[in-house]
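In what follows, a structure is listed as structure tokens, so that the remarks can point back to it.
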Amino acid sequence: MTPTPSRPPGDEVVTTPAERRDVVLQTIRQARQRLALSLFRCNDKAVFDALAQARARGVSVDVLVTSRSSGGKKRLRKLWRRLEETGVAIHPHADAVVKYHAKYLIADDGPALVASLNFTRKCFAKTIDAIVVTYDPAVVSGLRDLLTADCGDGRLPEPLSARLIVGPERARRQFTEIIAGARSSIRLIDKKVSDPAVTELLRERREAGLRVDMYDAKRLCGLRSHGKVMLVDDTLAVVGGLSLNPMSLDFRREVALTVTEPSAVARVASLFEAVEASEAARILPDAAERDTAC
């Protein structure tokens, strides 16, 4: 009797500061053959140590890094130096026009992590952020193909999983379709949302009777608002570093991932419930305190 192939584990979404660092380190430590990382910023010693340990046990490690940062050349030189000390292969994103801002990690043939956060001490402990952990073969192979392309000429590989929202080539179209297709509600954490076409579409959806909640404050639940998270109809979540502003949609290499796994979507819903409770408590100081997922 031929055994039935095992089904890959479902998606998981990690939102709490206590979990985010652990899932990154665990993924790196469990890699046996190859690791690929797309980094914008990283200053966490444990991450560098885990990468060095991966190289010591014979894991091939490729790291794609931005060539431009608002922190300037000094910060980039420090990142390069720390990476060089680990023995990984470093690949600069060399596009003269497209700024590199994608944050993801692939270990072996899975899992892949798509993150809204940088691998920094601040983002691991003091921000509103999320990470999707997925074993979806189409996402894993798509991210690997994307990283390979961005180490070279930067042309978007095809085909790519429809779950991958990738800027600048197709992010605007994908987000427009998601917002336009919402049936009952759209909730969004994004402190930089400013794109005129997107904000107009959100206004139209609200006027059509949908619940549209946008959380754009600099601090939520006592944490710095950093990640970009969307929840549509309580059935679809979007997690990534891609903000709904013209720069992110049209001029940056950005990556986000859609999620429909019910348990993973429920984690995102819990995050929004915590944010909503925190905002209500801030506006109404006498509101009852609640446990939160922030």
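The values are calculated or read from the model by the stated rules, or taken from the named source; none is laboratory data. Note that this is a predicted model, so its numbers are computed, not measured. We place every Cβ from the backbone using ideal geometry, glycine too, and count neighbours over all the protein chains shown. What goes into the accessible areas is simple: the full protein's heavy atoms, side chains included, and nothing from ligands, DNA or RNA. Shrake-Rupley method; radii C 1.70, N 1.55, O 1.52, S 1.80 Å.
When peptides 260-268, 150-158 are ranked by their average number of other Cβ atoms within 10 Å per residue, the highest-first order is 260-268, 150-158. Helix 137-150 axis versus longest C-alpha principal axis of the chain: approximately 70°, rounded to the nearest ten. Of all accessible surface on the chain at a 1.4 Å probe, what whole percent is carbon and sulfur? The computed percentage sits at 51. What nm distance separates the two modelled labels at residue 81 and residue 233, each placed 7 Å from Cα along Cα→Cβ? In this crude label model, residue 81 to residue 233 measures out at 5.2 nm. The angle between the Cα long axis of helix 17-30 and the main principal axis of the chain comes to about 30°, on a 0 to 90 degree scale.
Each semi-axis of the equivalent ellipsoid for segment 9-60 is √(5λ) with λ an eigenvalue of the Cα gyration tensor; in descending order they amount to 20, 15, 10 Å. In the chain, the longest principal axis of the Cα atoms and the axis of helix 45-56 are about 40 degrees apart.
Between 58, 142, 110, the Gaussian network model of the chain with springs among Cα atoms under 10 angstrom shows the greatest mean-square fluctuation at 58. Rounded to whole numbers, the Karplus 3J(HN,Hα) couplings from phi for segment 247-263 are 4, 5, 6, 10, 9, 10, 6, 10, 9, 9, 9, 7, 9, 10, 4, x, 5 Hz, using 6.51 cos²θ - 1.76 cosθ + 1.60 with θ = phi - 60°, and x at Gly and Pro. Treating r as the C-beta distance of residue 247 and residue 56 and R0 as 35 Å, the FRET efficiency rounds to 0.35.
Taking every DSSP helix (H) stretch of at least 4 residues in the chain, weighting each as -39,500 (n - 2.57) and dividing the sum by the residue count yields a mean residue ellipticity at 222 nm of -12000 deg cm²/dmol. With N counted as the residues of segment 25-131, its alpha-carbon radius of gyration over 2.2 N^0.38 Å works out to 1.01.
Scanning residues 5 or more positions from residue 91 or on other chains, those with amide H under 5 Å from its amide H are 63, 64, 65, with H placed 1.01 Å from N in the peptide plane.
Placing dummy labels 7 Å off each Cα toward the beta-carbon, the span from residue 176 to residue 217 is 3.3 nm. Averaged over its residues, segment 57-145 has an accessible area of 41 Å² per residue, based on protein heavy atoms and a 1.4 Å probe.
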